[in-house]
Structures are given as C-alpha cells and as structure tokens.
There are 2 protein chains.
Amino acid sequence: MCQLLGMNCATPTDITFSFTGFAARGGHTDHHADGFGVAFFESKACRVFIDNQPSCKSPVAELIKRYPIKSRNVIAHIRKATQGTTALENCHPFMRELWGRHWIFAHNGDLLDYQPALSGQYQAVGTTDSEAAFCHIMQGLRQRFGNTEPSTADLFQAVEELTHEITVHGVFNYLLSNGRSLFAHCSTHLHYIVREWPFNKAHLIDADMTVDFSLTNRQGDCVSIIATKPLTDNEVWTRFEPGQLIMFEQGYAALRAVVPIPGSVQRKNAESLACV
Amino acid sequence: MCQLLGMNCATPTDITFSFTGFAARGGHTDHHADGFGVAFFESKACRVFIDNQPSCKSPVAELIKRYPIKSRNVIAHIRKATQGTTALENCHPFMRELWGRHWIFAHNGDLLDYQPALSGQYQAVGTTDSEAAFCHIMQGLRQRFGNTEPSTADLFQAVEELTHEITVHGVFNYLLSNGRSLFAHCSTHLHYIVREWPFNKAHLIDADMTVDFSLTNRQGDCVSIIATKPLTDNEVWTRFEPGQLIMFEQGYAALRAVVPIPGSVQRKNAESLACV
C-alpha cells in the first residue's frame, strides 16, 4: 500500500517539517519505496514533483526539503506498489484540469474488479486503479455540472456520491484538491490535526526534529495536516472514522459526511489493515 | 518575449548540456528572467518543473542541471513576460491530457486580440494568450477526432490547420509534444540541429562548456535540438522558414509544411523581431 500526506491552510505555509518526517517513511523508517510525489498549489498554479526513486534518497525529495514552497494546499504520496508497475506514469499525485482549475488526487488502497466506464473526457495515462478512480471523479463532476463550477455545498455532495460509487470496489483512502478545498476520505487509515493560535512545539516520529510553530506562525494562521499515520509524537491527532469524508477549507474541517461502506468491502478493509 | 528549447530523440537522452546553456539566458547571458519551465517525457509519464525565479539561479533549475533525466521529448521555456503577470500559473510549459497521453506546450510570441471560443473542455488556468492557444489546439484536436487517436499524418494536418487559425493573431513560435512526436512552428525565430552518428564535439555559446557526443552516444542514437537561437558556436544550425511547421519523430524532421502567414501578421512579426 502507500501513505498519504495533505495540508490545507488559511495562509500560504511551507510543509518542509511534515514532509521531512513523511519522506523518511519512503525507504528509511518504513518500506514505501516505490516512488513518491508531492503537489503544491500556489494560488491557481500547481507544481507536481514526482520521482520513482524512494523519497528517503531522491534528489527531487531533497529539493523539496531544502526549498520551502509556501502553499495553501499540498498533497503528497509515498508508494508501495500493489497495482501497476513502478513506472513514473503510475506515481501519484495525478493532475487534471476542470473549470479552469488544476485538480490533484492521490490514493492509498486497492480497488478490485474496478473498470469505470470512462467516456474519454478524462483518460488514465498510466495503469493504476487510482488514476482510473480520479478520472471517474473528474468525469462525474463534469457530467453533473457541465462547464459551470458549482457551489461548495453542491461540490461536496457530488464528491460524496462519487466516493460512494467507488468504495464499493475496495479500500479508498484518498486526498483530492482543486487548490481551494481539500477533500480527504478514509476507508481504513487516515488522521488529521488542526494547528492554530496559540501554536506549540511539534516533534517528528520519523526524524529527530522539533519545530516551535509559535515562532513561525501568527494569529489568524491555521493549518490542517492530514496523514495516513500521525507524523508527530507530542500532539493529539484525530483519527477519521471509516467512511468519513471531510472537506478542509481555510485550515479547518469545514464539511463532513460518512459515506456508507458496503459490508463486503468492510471485510476486505479489515483484512487489508496489516499491509497499509 | 521568451525563448524556447526542445529535444526529440530516437533513444532516451539527457538534455543537461543544452539546458545549461539555455538556462544561462534566463537572467545571466540574456534577460528572459520572468520564470522558466521544462517538461520531460519519460515513456508516457511527463514531469514538469516550473519556477518563477530566473533560470540562471533557481534551485529548481539547479536540480535539472545536476539530475540527468533521460527523455525522448523535452520542452523548455524561459520567460520575458509580455502578456499575463509573472505568477506561477503563467509559466510555460503547460500540460493537458488527451487520448490518455499528456500533451505539453510552450510558446514564444504575442497574440493580439485573441480570445478563442473555448467550449469548456479545456480552459486556461492562468491569464496568458499562450495557454489560451494551447486550449484552442487541444479543443480543435478533440473536436476533429473525438476520443480516437488519429494517424500521424491526420494529426499533423490538424495541427497545421489549427496553427493557421492562430497565426492570424500574431507571432506564434511554439513547441508541442504528446511524448511521441514534437511539433515545432516558427513565425519569426526558430532553429534546429540534428545530431547523429558519427557524433562530434559541441561548445556552448552561453557557458564555456564542451561535450564530445561521440563518447556518450552510439550508432542508432539520433537527437534533434530545437531552439529560438542556436545554443552552440561550432555546429551548423538550420533556420526555420517563417511559417514552417516541422514534426520531429525518432530524432528526425519527419513531416514538414509551411503555414501561410497573413500579410498583416508578417508586418507585426517583422516589427517584433528586435525584441525576441
């Protein structure tokens, strides 16, 4: 399987600290060594850095750790391949355009017998179930709303419905963002933490590094970090319920829903816990 | 204006040498310092690195110079902004998906009174005439061929027709690739060179660097380099004719056409020569 890392903020923030701990899990403190990727929204722009080298030693990951890119929405992924080869076209996150915005998607899980009926508006470039699911979501949004960007509430409901269509096929932990909102869905494992005023110190689990966020952040700053497993050992992380979908905006959990998980998939999910 | 660099090869090749000379023009040997970008196709995958710092000193450009990515199709761009701000969403090259392939586009020129009728299938994220032109081409290809990828000959003809629609509006030097073919069109300034067996030494104009390609390449390797201005001072570069469109495949110029340039645009082009 894989691991996910996401960030949604009220003000542009660099993710260097969290990414350093997360990247160590790509071959150093954990075995997710079949490539990695990270996408940064900067206003409407989006930069995607991917590599099929392990994130613990990739020169691209080194750049990310040393070059603090300030972003309000970040999605990162370290891969332990289960479907598809370790070819670069199978590295998450994936990017498509809809309504004049870039959309970014990364997935942790395994969708079985999953071959969505894609009309061709969005097609997968690689061979993963994950990119097919992303195309399924993009197509579903376009079919529902045409060329008109919907309200946030309507968008959330559509994402909830599309998530339900896909969870029928298996484990579907994912992060999705259009640069304004960040959607996080949990089938099995996902945690989050909201850091806000007054900020505190945080210490990484995967590297001996501490940051005092009260020195680098101000009143009004607010940052949500979402991760497959907690990244720090001195903070209280909130575990997502199975099936829970949360939309983060301005650094907060703004909308929530629980997407029903079919019984057969709940069993599959339970079986797959050990390998996430 | 801006400058373009492209590479199309028979076998995966790294562009470190050419990129080093090209990147120096982004604020060191020339004034194209409003950001840069470079896209590498690796099989069907495509990595796009962009930065709004000048390429002569950007940490992202440093990574590209030190990390030899082997690719069969590369498109790079250094920017001197004429339309749109220096925001990151306006940095070339731009990427979209069509027929399960990534497409990459970069432009040097200026399109005046240009507002293509985009149906919404492809929309610009930024505010440049260049990204609008790319969406125009992508939409035109989808309208002509639907979800079925055409033959190379039909694709070339369609690109030629779409280029003609856009050149009506001004200077339209561009590079376009789907990872297999690289299309290069010249309104005003574009040059190319084909390097093949037996390879020779090449010396950069913009940096004191020489490479002996006979030591790093073999029989069967073939590399076309396309650039706004020649990059080396000891090789013979071929100048594109105004209006010329060439499709490169396997390192060679495979198909050629001359797209008629309207008289009014020829005058505009002539006026703009000094600032390219």
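The values are calculated or read from the model by the stated rules, or taken from the named source; none is laboratory data. Owing to the predicted nature of the structure, the values given are computational and were not obtained by experimental measurement. FYI the Cβ positions are ideal-geometry reconstructions off the backbone, even for glycines, and counts take in every protein chain you see.
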*Only residues that are surrounded by fewer than 21 Cβ atoms within 10 Å (Cβ to Cβ) and either in contact with a Ser or Thr (Cβ under 7 Å, 6 or more places away or on another chain) or among the charged types (D, E, K, R) (or both): list them for segment A:2-26, please.*
A:P12, A:D14
*Please verify whether segment A:35-53 includes one or more residues that are surrounded by fewer than 20 Cβ atoms within 10 Å (Cβ to Cβ), in contact (Cβ under 8 Å) with a residue 40 or more places away in the chain and not small (G, A, S).*
yes
*asked:* Please return the ranges of strands (runs of 3 or more DSSP E) entirely within segment B:180-269 where 3 or more residues are within 21 Å of the chain's Cα centre (by Cα).
replied: B:182-185, B:191-196, B:222-227, B:244-249, B:252-258
*Residues satisfying the stated conditions in segment A:70-83, i.e. surrounded by fewer than 22 Cβ atoms within 10 Å (Cβ to Cβ) and either within 12 Å of chain B (Cβ to nearest Cβ) or basic (K, R) (or both)*: A:K70, A:K80
*Residues being at negative phi and part of a loop (DSSP other than H, G, I, E, B): count how many of those fall in segment B:25-52.*
9
*Restricting attention to segment A:87-107, which residues are within 15 Å of the chain's Cα centre (by Cα) and of a type in the set (F, W, Y)?*
A:F94, A:W103, A:F105
*Would you please list the contacts, defined by Cβ atoms under 9 Å and residues six or more apart or on different chains, that run from a residue in segment A:149-175 that is without any contact (Cβ under 8 Å) to a residue 40 or more places away in the chain to a residue that is among the basic types (K, R)?*
A:P150/A:R144; A:D154/A:R144; A:A158/A:R144; A:E161/A:R144; A:L162/A:R144
*Would you check if A:A87 is within 12 Å of chain B (Cβ to nearest Cβ), modelled with pLDDT under 95 and closer than 29 Å to A:T20 by Cα?*
yes
*Please work out which one of (1) in a loop (DSSP other than H, G, I, E, B); (2) farther than 23 Å from B:L5 by Cβ is the condition B:Q139 fails and give its number.*
(1)
*Filter segment B:238-260 for residues that are under 24 Å from B:R25 (Cα atoms) and surrounded by 17 or more Cβ atoms within 10 Å (Cβ to Cβ) and give the result.*
B:F240, B:P242
*Number of the exception - A:D110 against (1) over 16 Å from A:L162 (Cβ atoms); (2) assigned to a loop (DSSP other than H, G, I, E, B)*: (2)
*Hey, any hits in segment A:5-12 for a residue that's farther than 20 Å from B:A61 by Cα and either free of Cβ contacts under 8 Å to residues at least 24 places away in the same chain or charged (D, E, K, R) (or both)?*
no
*Counting just the residues of segment A:167-179 that are touching a helix residue (DSSP H, G or I) at 6+ places or on another chain (Cβ under 9 Å) and assigned to a strand (DSSP E or B), which one comes out surrounded by the fewest Cβ atoms within 10 Å (Cβ to Cβ)?*
A:G170
*Among B:A132, B:A153, B:A158, which is part of a helix (DSSP H, G or I), among the aliphatic types (A, V, I, L, M) and within 12 Å of chain A (Cβ to nearest Cβ)?*
B:A132
*asked:* Against the definition (farther than 29 Å from A:C222 by Cα and free of Cβ contacts under 8 Å to residues at least 60 places away in the same chain), how does A:A133 come out, yes or no?
replied: yes
*Kindly indicate whether any position in segment B:112-122 is within 12 Å of another protein chain (Cβ to nearest Cβ) and in contact with a Gly (Cβ under 9 Å, 6 or more places away or on another chain).*
yes
_I'd like to check something: does segment A:53-66 contain any residue that is within 10 Å of chain B (Cβ to nearest Cβ) and in a strand (DSSP E or B)?_
no
*Test: A:K80 is more than 24 Å from A:D221 (Cα to Cα) and either at pLDDT below 90 or among the aromatic types (F, W, Y) (or both)*: yes
*Members of segment B:197-220 that are in contact with an Asp or Glu (Cβ under 7 Å, 6 or more places away or on another chain) and surrounded by 14 or more Cβ atoms within 10 Å (Cβ to Cβ)*: B:A202, B:H203, B:I205
